[in-house]
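The next block holds one structure in the form of structure tokens; read it before the comments.
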Amino acid sequence: MSNRRTIPRRTLLRGLLGGSAAVVGLPLLEAMLDRHGEALADGSPLPTRFVTWFFGNGVILPRFEPAATGPNYPLSDQLQPLANVRDYVTVLTGMRNRCEVTVTHHEGMTAFNGFTMTELSGLFSKAGGPTIDQLIAAKIGQDTPVASIHLGVSKHLSVMDSGTTMHALSHKGPNEPQYPQFNPQQAWTDLFGAFAPTADDRPLRASILDAVRDQTAALRTRLGKLDNQRLDAHLDGVSALEKKIEATAPLCALPDKPTETNTDINGVEPITAVNGVMSDLLVYAFQCDITRVASMLFHGGAAETVFSEIDIWSGHHNNSHNPNSEELHTGIVHIMGRFADLLERFKASVDIDGKNLLDTSIIYCSSDCAEGWTHSIQRQPIILAGHGRNKLIYPGIHVQAAPYPMSDGNISDVLLTCLQAFDPRATSIGGGAPMSTTPMPAIMGTDF
Amino acid sequence: MIRLVLPLSGCLLLAGCPSDPIADPTDGDTTTATMNTTAGPGPGPGPGPGTTGDDSPTTGESAGTTEDGQSTTGGSTTGGVEEPFEPAPGGMRRLLRHQYVGSIRYLLGDAAAGAAVPPEDYSLHGFDAIGAAELSLQESAIEQLETSSRAIAIAAVEDRSTLGGHVPCVLEAEPDDSCFGIVAVDLGRLAWRRPLIGEEVDAMVAIAKQAREWGGGEFATGLQYELMALLQSPYFVYLVEVGKPDPEDPATRLLTSSELAARLSFFLLGRTPDAELLAAAEADALITDDDVRAAAEAMIARPEARATLSIFYSELFQLRDLATLNKNNQLFPQFTHELAYAMKYETLRLIEDIVWDQDTDFRTLLSADYTFVNPALASLYGLPPPRGQGFAKVPLEEDHGRAGLLGQASFLARFAHPAETSPTRRGQFIRTKLLCETVPPPPPGVDASLPPESPNEPQTMKQKLVQHMEDPSCNGCHVQLDPLGFALENYDPIGAYRTLDSGLPIDPSATIPDLGEVFSARDIADLLVEDPRVTACIVKNFVRGALGHREGLGEIHALDDLEAELESNDHRLQHLLVELAASPVFRAVGAPK
């Protein structure tokens, strides 16, 4: 049985005393804080949130990279959509992804875990190790009802590629992909469904899960190592469900279940609408402290998505075979616009202590390559948004590791810096050539 | 990843395809095999001690690498080391969604099946079954299992007619607690595919009683939670296939009778085995080859066998993607959901005709000079509309060069972009799904940009790609893929016949290195039908889809035997299904993985 803290009981009591019901409207604010407003009611530090955000098939480097480095860098054509949140955005260019093999597109995903892929076979691979969001979730996920949530926007993933590497953004290991949820209604259920009022059958559900545990234990002895790992994952899922079952309902009002189901109409995928709803759900989940870690697969590696919603009917992947394609450029600007949409919603939202969510979150964004027509992972772009309570630099800067078109450094250094923002004792991330033991001082904030 | 120096027959089809010099053959030690495959199961998480895998071209070791297609000459894999039979490792496989739902339908009825919302399937190597054998469930999926079990149980308690067929006491007016025990024993045995031991029954009954008490003494409440418990159990969710030593050959592990009954039923009927089959298994009436054949033959006579085969082909041919396929609706306003559904139905109807109605050569699927169309499809193909709104069998228009699957819109539209055709993807489908080859990734650093288009000098798709193929780093692979697609350029991105591309006349002529000169779908089909790789490939695809692993080296001879069986029995798939069930690859397992 889980004894992990969710919303502490003392907080709940304060919530009850502060109002007539346990459910109050957003924002939560002082109900969950200690008297000074500098920590949660149980004395634990104010929460910091982490998001990975992925888009497929890279950018057009000369139109993406800012023309000058440092603070107050000018936004490029393709970064222009971030104008309203630019203070919160750090751009890293010229960095090298040190993945040891190339499959095309798959190796770009090393920017999210610092591992080379495994079980390679043609256009097949599995992720080589846990992604950064899972390392952070392992550190802070126990504090919330849901350790991490995995969302996706465009459903049209690459048909040429297979395996887990590109079809999930988050991984606990080679056989533990954390696949994204593309349907906003189901995402709502995953985040908030457990708190919808129903008859309280928690003891019965717990009894059933006890039986599942016993059966799983009996099964273990008959199976080999790999299947035992899968049973471990099954039991992790049982524990997570138990935690949710035991969690006290959050102090915020639940958002309404969205009507959006991510269904294409007349060949048009509702990307902007789904991205907006998913971003809102994430804002809500963070404000309510349902979870603190998320991954967002905006669209898959290799970018099979068709941006028909803005009247581009050739696939984004197809467009990327021509570096001069205006459709490609327009598509990239559209992607950055959707990323900006998330960031603007974060900026407009108030966290527990009155700060906006960009002040309290770190969002790590990258792609599966630098540019689609070469599939190169040299100079793979990285965007960091939010400073996570001054763990990362604010206002944001442009860091250039090497002049165009060269590349240098190691993208995993950025990962390690982000990881240390949540786990100061972490000394490395990844493995093999892409591994990093050296965080990047240039992007550290005042409270790093 | 395999480096094998086996004197296997069959050429290295993609040997000319430049391999990836970066991929380190030692990197994927999980599937790297040595000659000594008799030493026991491989150490890694791969599909066993050396697959005949589709992966050899990535090793950069052209000499002596194996390649799918090697065993295609009807078992003549002799002349060197005889690979002893070695089955794939045993272990556990998660029920696929359709198997979960099919089981619920059998156990608890249509309403309960309609309420089921099991976790998503995720494929590996083209098959959900392989994903279900290798991947772990994520946390949200465990919650999904609970949610699904609750929805099912509520529906099943509401309408108990099917459950009552298995456990009559639930239909009584006021069942007492003893009925919970009977549910656990009788329904539990069907759901878990084996008898429950006393402790397991007690655990289920305890939950039912706890729930009855919580529910104010209502039997229905107790029943609901008991069903939820049975369905959340790993014994329902996972097929456990670990076998026991063969009494005649203790080094080999044979599936237990109950495990075999389950494997048969999920393979052929897509659901948990019925009470009769389990009883036969428990009474040792599922032992000899002929026992197994008889059981399989009885199964394929059932309507569920047709549905299960349709699911297999929907996956293999990616027909299931058609429901969410997008086309440029300015260029192709006729491409609607209804038309996409009709495309899928056309292919499945042809399969049904060949496999079930005629029980004839499965390769007719490639060569058929007829198809099944409704008015919308007839219009797409330029055929006279059938009478009425339904589907009718019609002869194909000869001048259009269509034949079988490769002339059908389900394939032509699925493997095309929203606004353009994709000769590369059409070719890749033929290579990977019909010939079981693997196409290696592009070499590193290759510039995949196509020549810039000048509005004054339009080019056909073929012209663009031919230019692309002049790059030696691309040519090696694309010469295997694109020409197959060139011969299909007369079919547009939704499968309609055309003679112009970008206003220029289409030249569908193409030379396929290992097949010959072709001009149409019909030409490709004629060559494929004569190609033994097609027969070898369908055997492999059934193994992958049915058993959830890529075939291992130790299974090659058994697969050769199946291929020979198929050849000498008019290439009838029904025969293959039965013989596969009786084959050692189906009935034996290695040590648990």
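Read the figures in this text as sums done on the coordinates, not as results from a lab. Keep in mind that what you see is a predicted model, and the values were worked out from it rather than measured. For neighbour counting, all protein chains shown are included, and Cβ atoms are generated from backbone atoms with ideal geometry for every residue, glycine included.
Computed over Cα pairs, the Kirkwood radius of region B:390-457 leads via Stokes-Einstein (0.890 mPa s, 25 °C) to a diffusion coefficient of 161 µm² per second. Among the cysteines of chain A, those whose beta-carbon sits 4.7 Å or more from every other cysteine beta-carbon are A:CYS99, A:CYS365, A:CYS369, A:CYS418. Applied to region B:364-372, the Karplus parametrisation 6.51 cos²θ - 1.76 cosθ + 1.60 on θ = phi - 60° returns per-residue 3J(HN,Hα) values of 4, 4, 8, 9, 3, 9, 9, 8, 10 Hz, with x for Gly and Pro. Out of all DSSP beta bridges in the protein assembly as shown, what portion is antiparallel? Express it as a percent rounded to 5. Counting only bridges with both partners in the protein assembly as shown, antiparallel ones make up about 65 percent. Compactness check for region B:177-271: Cα Rg over 2.2 N^0.38 Å is 1.31. Take the residue pairs A:LYS347/B:LYS327; A:LYS155/A:LYS347; A:LYS225/A:LYS257; A:LYS155/A:LYS225 and return only those whose Cα atoms are more than 30 Å apart. Result: A:LYS347/B:LYS327; A:LYS225/A:LYS257; A:LYS155/A:LYS225 exceed 30 Å. For chain B, the convex hull drawn through the C-alpha positions has a volume of 168 cubic angstrom per residue. For the protein assembly as shown, a simple Cβ point-charge model (Lys and Arg +1, Asp and Glu -1, everything else neutral) yields a dipole of about 2780 debye relative to the Cα centre.
Convex hull volume of the Cα atoms of region B:472-593, normalised per residue: 172 Å³.
Geometric descriptor of chain A, per residue, is 144 Å³ (volume of the convex hull of the Cα atoms). Rounded to the nearest whole Hz, the Karplus-based 3J(HN,Hα) values (6.51 cos²θ - 1.76 cosθ + 1.60, θ = phi - 60°) of region A:333-341 follow the sequence 4, 5, 4, 4, x, 6, 5, 4, 4, with x at glycine and proline.
Which lysines have a Cα less than 16 Å from the Cα of A:LYS172, not counting those fewer than 8 places away in the same chain? Once the sequence-local lysines are set aside, what remains near A:LYS172 is A:LYS126, A:LYS139. Between region B:531-554 and region B:124-165, what's the alpha-carbon centroid distance in Å? For region B:531-554 versus region B:124-165, the Cα centre distance is 28 Å. What percent do you get for the relative contact order of region B:242-301 when only Cα pairs under 8 Å and 6+ apart count? Averaging sequence separation for qualifying contacts and normalising by length gives 26 percent for region B:242-301.
Averaging 1/r across all pairs of distinct Cα atoms in the protein assembly as shown and inverting the result yields a Kirkwood radius of 30.1 Å. For region B:90-240, the mean projected area of the C-alpha convex hull, equal to one quarter of the hull surface, is 8.8 nm².
Normalising the average separation of contacting C-alpha pairs (under 8 angstrom, six or more residues apart) by the number of residues puts the relative contact order of chain B at 20 percent. With one equal scatterer per alpha carbon and no solvent term, the Debye-computed log10 I(q)/I(0) for region B:242-301 at 0.15, 0.19 1/Å reads -0.42, -0.65.
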